[in-house]
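Some notes on the structure that comes next.
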Amino acid sequence: MAGRPVAARGGFNGLFWGMISFVIVSVLSLAGLIMTLTKVKDAEDAARVANTALAKAGTAPAYFSSEAAARNSRVFDVVADHQKRISQLVAGVPDLYAPQLQKQAADAVAATSAAAAGVVAPTDPLLTVLQRMDEKMAELTATAAAARAELQSVQADKQALTSQLKAVRDQFEAQTAELNKRLQQNEEEKVGAIAAKDEQLTELTASMDSTSQQLQQARRDTQTRERDCEFQVARLTKQVEDQLKQIRNLNPSPFEPGAILRKPDGKVLRAIPGSDIVYINLGAADKIKRGFGFEVFSATREVARSLRGKASIEVISVNDSTAECRVTRGTSGQPIIEGDSVVNIAFERNRKPKFVIRGDFDLDYDGDVDLNGVEAIATIVRQWGGQVAAELDESTDYVVIGLSPQVGAALDADGLSEVERDLNLRRELERTQFAELVKRASSMFIPVITQNQFLYLTGYSGDTTLVSR
């Protein structure tokens, strides 16, 4: 039979104390766990704060990290040390930071750029400023050395010139003394020469008085001879005028149209009725060429004042002594017949007729003056073998005139420009010269013919546009 459990000594058994121990150990373990968890939480919070601060601070450059590792110190300490050294280098004190250093550097650069404009710019870095100022200092040093060398050279030249100047001054003083001596001698000679000249002047004055009397007598004799000559000139002038009047009475017309037929250039040898081909007695031996034009006149009819013939012909083929011609204009009821005279006023067999040309010409008959009219007439004259002279003289054969030069507005009209006034003055002078030329030619009995008369007598067919042959 089982008995009761044996009671432990002291009133508690081993299980009780085991339970007590277990509880105590469990409580202590729980307390340790709680403390551990609390420390882990604090460590995590500290790590989180450290990571946040590290993220804000950023990653240090590799140089500072390497330098901190080499020194076995913190990166912050390395950065702080560099900051102090830069402050000492730039400002001379170790306790300045970037804003203060930047302001002092900016102020220094601004002051330097103001003092050395063109060398340093306000935006240049501090090292660039130092480099450029060093270069400028070297340049100024070289310039100063060159200036010192040049100054020494100038001083040497000055000393040499001073020596030369002294030598020149000594020479000048010696020459001045010599010249003063000569001047004194010249003064003495001058006094003697003046005395001799005074004597000669007295003699010359007496001679001039005698010569003046002779000149007065010669002047009176000359005046007497001039009066006698004037009387003789007046008498001879009257005789010339009387003779000119007699000549005009004998030949009242300076140009007789019938004179053309008295010395024609040639004759019509053959004319074929109903054909526009005729033959004349002029050929290559007479210097006839293709294209020559002639005016045909009847040997029995009187020449009209217009000098218009019965027909106009043009040479189309030339033989030795004859030429074949084409009729370019004819007159109804007046056929060309054998024996008719052919005339070209600019053509002669053995000489070159001389022409003077003046005036304005309208060769195309459009009512406007041709600017090259005079030259066109001159070309026709030369083309047919004649020659053109600039001035009228006794050897002139014909004067060809156009219209008298016209003048625009009155010379004293208001509103005229200087160019217009000069042009009008020139045209007025040309008109006066034109009238004087015509009058002079008439007084010299030189034929004066108009534009149409000239064209008729050179074989042009009518009042149409003038075309050079």
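Using every pair of distinct Cα positions in region 256-344, the Kirkwood expression returns a hydrodynamic radius of 12.8 angstrom.
A straight chain from Val90 to Leu425 at 0.36 nm per residue would run longer than the Cα-Cα distance by 111.5 nm.
Exposed loop sites here are chymotrypsin sites (Phe, Trp or Tyr not before Pro) assigned a DSSP state other than H, G, I, E or B and surrounded by at most 16 other beta carbons within 10 Å; excluding them, the longest clear run of the chain is 98-364. In summary, the lysines within cross-link reach of Lys166, defined as a Cα separation below 20 angstrom excluding same-chain residues under 8 places away, comprise Lys158. Taking each DSSP H run with n ≥ 4 as -39500 (n - 2.57) and averaging over every residue of the chain yields -20000 deg cm²/dmol at 222 nm. In region 266-351, what GluC sites (Glu not before Pro) fall in a loop by DSSP, with at most 13 other Cβ atoms inside 10 Å? Passing sites in region 266-351 are Glu302, Glu338.
The alpha carbon centroids of region 345-375 and region 136-156 are separated by 86 Å. May I ask for log10 I(q)/I(0) of region 303-353 at q = 0.28 Å⁻¹, from a Debye sum over the Cα atoms as equal point scatterers with solvent left out? Computed log10 I(q)/I(0) values: -1.33. Residues whose amide H falls under 5 Å from that of Ala323, counting only those 5 or more places apart or on a different chain, are Ile280, Leu282, with hydrogens built in the peptide plane. With θ taken as phi - 60° and the Karplus curve 6.51 cos²θ - 1.76 cosθ + 1.60 applied, the whole-hertz 3J(HN,Hα) list for region 116-122 is 10, 4, x, 9, 10, 9, x Hz, x standing for glycine and proline. By the Kirkwood approach, averaging reciprocal distances over each pair of separate Cα atoms, region 130-252 gets a hydrodynamic radius of 25.6 Å.
Beyond 27 Å in Cα-Cα separation lie the following of the pairs Lys103/Lys136; Lys238/Lys263; Lys289/Lys439; Lys238/Lys354; Lys238/Lys352; Lys289/Lys354: Lys238/Lys263; Lys289/Lys439; Lys238/Lys354; Lys238/Lys352. When the convex hull of the Cα atoms of the chain is projected onto a plane and the area is averaged over all directions, what value comes out in nm²? Computed as one quarter of the Cα hull surface, the answer is 94.7 nm². Normalised by residue number, the volume inside the convex hull of the Cα atoms of region 82-177 is 137 Å³ per residue.
For region 201-216, backbone phi angles converted through the Karplus equation (6.51, -1.76, 1.60; θ = phi - 60°) give residue-by-residue couplings of 5, 4, 5, 5, 4, 4, 5, 5, 4, 5, 5, 4, 4, 5, 5, 4 Hz, Gly and Pro being listed as x.
Readers should treat all values here as calculations from the given coordinates under stated rules, not as data from a laboratory. All of these numbers come straight from a predicted model, not from anything done at the bench. Glycine also receives a Cβ, built like all others from the backbone with ideal geometry; neighbour counts cover every protein chain displayed.
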